[in-house]
1. Given the conditions (1) open to solvent by 10 Å² or more (accessible area, probe 1.4 Å); (2) within 13 Å of the chain's Cα centre (by Cα), and given that N293 satisfies all but one, which numbered condition is not satisfied?
2. Please give the number of the condition F225 fails out of (1) within 22 Å of D47 (Cβ to Cβ); (2) open to solvent by less than 40 Å² (accessible area, probe 1.4 Å); (3) touching a helix residue (DSSP H, G or I) at 6+ places or on another chain (Cβ under 8 Å).
3. With the structure loaded, tell me whether G264 is out of contact with any Lys or Arg (no Cβ under 6 Å at 6 or more places or on another chain), within 16 Å of T133 (Cα to Cα), within 16 Å of ligand 2 (Cβ to nearest atom) and modelled with pLDDT of 95 or more or whether it fails that test.
4. What are the residues in segment 79-93 that are under 25 Å from H120 (Cα atoms) and either acidic (D, E) or within 13 Å of ligand 1 (Cβ to nearest atom) (or both), if any?
5. Suppose we filter T133, T101 for residues that are in contact with a Leu (Cβ under 9 Å, 6 or more places away or on another chain) and away from ligand 2 (no atom under 16 Å from the Cβ); which single one remains?
6. Condition (residue is at pLDDT 95 or above and under 19 Å from L351 (Cα atoms)) applied to segment 22-30: is it met by at least one residue?
7. Which pairs have Cβ atoms under 6 Å, sit 6 or more apart or on different chains, and link a residue in segment 176-203 that is at pLDDT 95 or above to one that is among the hydroxyl-bearing types (S, T, Y) and part of a loop (DSSP other than H, G, I, E, B)?
8. Quick check on this structure: which one of A56, A114, A81 is modelled with pLDDT of 95 or more and open to solvent by less than 20 Å² (accessible area, probe 1.4 Å)?
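The values are calculated or read from the model by the stated rules, or taken from the named source; none is laboratory data. For clarity, every value in this text was computed on a predicted model and none was experimentally measured. Cβ placement follows ideal geometry from the backbone for every residue including glycine, while neighbour counts extend to all protein chains displayed. What goes into the accessible areas is simple: the full protein's heavy atoms, side chains included, and nothing from ligands, DNA or RNA. Shrake-Rupley method; radii C 1.70, N 1.55, O 1.52, S 1.80 Å.
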Amino acid sequence: MKKLSTQILPVFLIIGILTFSNNIFAQKTNSIPKSEQPRNIILLIGDGMGLAQFYAAMTASRDNLNISRCTHIALSRTFSADDYVTDSGAGGTAIACGIKTNNGMIGMLPDSTAVTSILHYARLNGKSTGVATTCDITHATPASFVTSVPSRKMEEDIALQFLYSGIDVFIGGGFDNFAMRKDGLMLTDSLEKFSYKVVTSIPEMMDVTSGKLAGLLYPKHPPKFNEGRGDMLSLATSKAIELLEDNKNGFFLMVEGSQIDWAGHDNDVNYMISETLDFDKAVGIALDYAEKNKETLVIVTADHETGGFANLEGNFSTGEANGKFTSDNHSGIPVPVFTFGPGAMYFEGLLENTDLFKLMFELYGFKK
Ligand code: MG
Ligand code: ZN
């Protein structure tokens, strides 16, 4: 008896450890019914949009936020490989590529090994791909989905990698990183040779109705929503969907509300609310499409919270919303994940930010 138990015990221990270390989603997604497999995913990232930013916008909207139309909610832990508080490079990379890396790194492990993002897996599986953002297109969040560089500061390298990435649609600011470069390369000419329509204004963008699109709408970062950017993100989102949905294999689109984060850094409540409401409008366009299309999973989340905001005053009838910031930087608090559409139910409980990649990968039905 004694001999038997000492032989069996380690086996049980090993099985136990393997089962335990297998993440919940790996077991849950073993047999995903067809009705829960999305053909398209629209991932919307509010940079710096924690629960407090979401709730301030919900209050300011007089309880009329599109994000509230999502049917499922989870929480996502955002710490990076080298810090309790992530930056947008490591935070974006975790969601895009499923790995925790060091702050400041893009699409790479801490040892600088490049990894493949969900956008590139989608492309390699025959889907169309796109990103749309309210900052430079070469900024950390969009870069995490398209490129791999050891430092987010390498924005001219990031622009060069966009050229060779095979992405179908990208819309944001940052024209100068393609056409006013230190190395003198005119990447806008190269993009045209690679059959992209290169546009530099919203009306020009709206005129494009098929094919590949490089929307470099501003020389550098786009302005604030209420200082001239207007509906740029919503228009970019609907244009990207229109162009990407031409592919019978489906698409992947990442949309970022970039400046919610900058408002948090500035401790500016009105800026924070107007950027979150603008982001929510893009969420509404994604949800309207998903409601009609029925094969589209919409995921709304953040890479981290910014400003350590606390909601201290508000009124759902008047839309008054106010509070206090505790920091001019990011905080470590988990962020919400809202989902809608086929596969939405798999986003539940306390997730790691890296689980978002893993769930998207499994739900698409991709194989490594
Ligand atoms: Mg960002
Ligand atoms: Zn930030």
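1. Going through (1) open to solvent by 10 Å² or more (accessible area, probe 1.4 Å); (2) within 13 Å of the chain's Cα centre (by Cα) one by one, N293 breaks only (2).
2. (2)
3. Numbers: out of contact with any Lys or Arg (no Cβ under 6 Å at 6 or more places or on another chain): yes; within 16 Å of T133 (Cα to Cα): no; within 16 Å of ligand 2 (Cβ to nearest atom): yes; modelled with pLDDT of 95 or more: yes.
No.
4. So the first thing to find is which residues in segment 79-93 are under 25 Å from H120 (Cα atoms), and the list is 79-81, 86-93.
Those that are under 25 Å from H120 (Cα atoms) and either acidic (D, E) or within 13 Å of ligand 1 (Cβ to nearest atom) (or both): T86, D87, S88, G89, A90, G91, G92, T93.
5. Values: T133 fails: away from ligand 2 (no atom under 16 Å from the Cβ).
After ruling out the rest, the residue left standing is T101.
6. From segment 22-30, those at pLDDT 95 or above are none; that's our starting set.
Within segment 22-30, not a single residue is at pLDDT 95 or above and under 19 Å from L351 (Cα atoms).
7. Cβ pairs passing all conditions: N177/T138.
8. Working: A114 fails: open to solvent by less than 20 Å² (accessible area, probe 1.4 Å); A81 fails: open to solvent by less than 20 Å² (accessible area, probe 1.4 Å).
The conditions single out A56.
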